[in-house]
Amino acid sequence: MADHDGGYKNLFSQQKMIRDLLIGFVHAAWVQHLDFNTLEKINVRTIGDDLRQREGDLLWRVRLDKYWLHILLILELQASVDEAMPERMVDYAVSSYRDLRKSGVIKGTVLPPVVPIVLYRGSSPWNVPLDIGDCIPKVPGLEPYQPRMRYILLDINTMIESDVLDTRNLAAALIAMEKSRSPERLRHLIRMLEQWLRKPEDASVRRAFSTWLRRVLLPTRLPGITLPELTDLNEEQDMLDEMVQIWSKELHEDGRRKGKQEGQQEEAKAFLLRLLNRRFGPLPGWITEKIQQANLPTLEAWGDRMLEAATLEEIFFGDL
């Protein structure tokens with residue numbers, strides 16, 4: 001499994017992360033009745049229809065009144081939406097029941113309730129039905145024979161973390177760091193997280209966050225920078241200060257480069273318009289609009305053409 005996927009799975013293998021994800025972002029009445037003291041990860045070897053182990057699945061169980069509720073968390077980390085997700089969720093749930101039966105958890109015909117949750121961080125908006133029943137045409141008389149199963153979608157791009165950050169919600173901290181676009185914001189969030197996780201019993205969660213930061217988040221913010229092998233958030237602070245300085249410098253340099261390029265482009269537009277006015281007189285509106293929308297290489301090419309062109313059409317309608 002890639003470091004990217006493994007970093008997330010490592011985080012959501014932590015009891016506190018699952019608890020905070022449910023409390024902070026699953027807005028359902030049954031969440032209030034969960035006994036989180038009983039929350040535990042189920043180690044089953046889930047096998048997909050391609051006979052390979054599904055590394056992105058996590059199965060937890062927790063008491064809900066007199067029942068053991070099983071939480072099936074699917075980490076969907078690719079950039080695009082999977083149109084097969086409704087049937088995949090049915091397959092995952094049935095496979096989980098099969099695994100639980102093989103491990104001896106299920107005996108007889110009574111199955112424990114399962115809630116499938118998809119945690120999605122892709123850039124494309126989610127446009128797939130949340131229930132497989134919504135994918136099947138409603139044929140009169142056949143409804144009782146068609147599968148129904150709904151899953152919960154948690155889209156990181158649309159999740160609002162600001163309120164739950166005040167309650168020290170670890171899942172909210174993760175989402176806030178995912179969305180951070182400035183070095184100062186990220187540094188603030190990591191220092192806040194380090195303060196939350198200072199108890200000895202939080203050592204495993206600290207290490208999971210440290211691994212995720214080093215192997216997943218920071219490489220996307222600082223491509224090409226080699227990060228040291230650190231194992232704890234406490235060790236991240238000095239490294240992070242240095243990385244933030246590099247990040248800030250790169251952002252500043254990038255802004256200067258973009259500003260310089262934009263300035264050159266605006267100067268080229270104004271210069272070309274002046275030359276065209278001198279040679280051809282007042283210009284039609286479409287010429288000005290075309291120039292304003294052009295990039296620097298195109299402007300330079302039009303300027304070269306003007307030296308030999310007899311008409312405006314020869315300048316602007318030839319192949320570049």
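The values are calculated or read from the model by the stated rules, or taken from the named source; none is laboratory data. Here the structure is a predicted model, which is why all the values come from computation and not from measurement. For neighbour counting, all protein chains shown are included, and Cβ atoms are generated from backbone atoms with ideal geometry for every residue, glycine included. Quick note on the areas: whole protein, heavy atoms, side chains included, nothing else; ligands and nucleic acids left out. Shrake-Rupley method; radii C 1.70, N 1.55, O 1.52, S 1.80 Å.
Relative to the present Cα-Cα distance, how much length would full extension add between Asp134 and Phe280 at 0.36 nm per residue of separation? Provide the component values of the computation, followed by the final result.
On the way: separation 146, 0.36 × 146 = 52.56 nm, distance 6.26 nm.
Difference between extended and current length: 46.3 nm.
Within 10 Å, count the other beta carbons around each residue, average over each peptide in 113-123, 188-198, and list them highest first.
Values: 113-123: 18.6, 188-198: 16.6.
Answer by packing, highest mean first, reads 113-123, 188-198.
Using the Cβ atoms and a cut-off under 15 Å, what net charge is assigned to the surroundings of Thr158, where Lys and Arg are +1 and Asp and Glu are -1?
The answer is -3.
Peptide packing for 33-41, 168-176, 147-155 was compared via the average number of neighbouring C-beta atoms within 10 Å per residue; ordered from the highest value, the list is 168-176, 147-155, 33-41.
For region 109-170, the solvent-accessible area with a 1.4 angstrom probe is 61 square angstrom per residue.
Heavy-atom accessible surface of Ile71, to the nearest 10 Å², is about 0 Å², with a 1.4 Å probe and all protein chains retained.
Using the Cβ-Cβ distance between Arg191 and His33 with R0 set to 41 Å, the FRET efficiency from 1/(1 + (r/R0)^6) comes to roughly 0.70.
What do you get for GluC sites (Glu not before Pro) in region 59-154 restricted to DSSP loop and a cutoff of at most 12 other Cβ within 10 Å of the site's Cβ? Sparse-neighbourhood loop GluC sites (Glu not before Pro): Glu83.
Note on Thr220 and Glu178: the model spin-label points, each 7 Å out from Cα along the C-beta direction, lie 0.8 nm apart.
Which FRET efficiency, nearest 0.05, do Leu111 and Asp82 yield, Cβ-Cβ r, R0 22 Å?
Working: r = 26 Å, r/R0 = 1.17.
Efficiency, from the Cβ-Cβ distance: 0.30.
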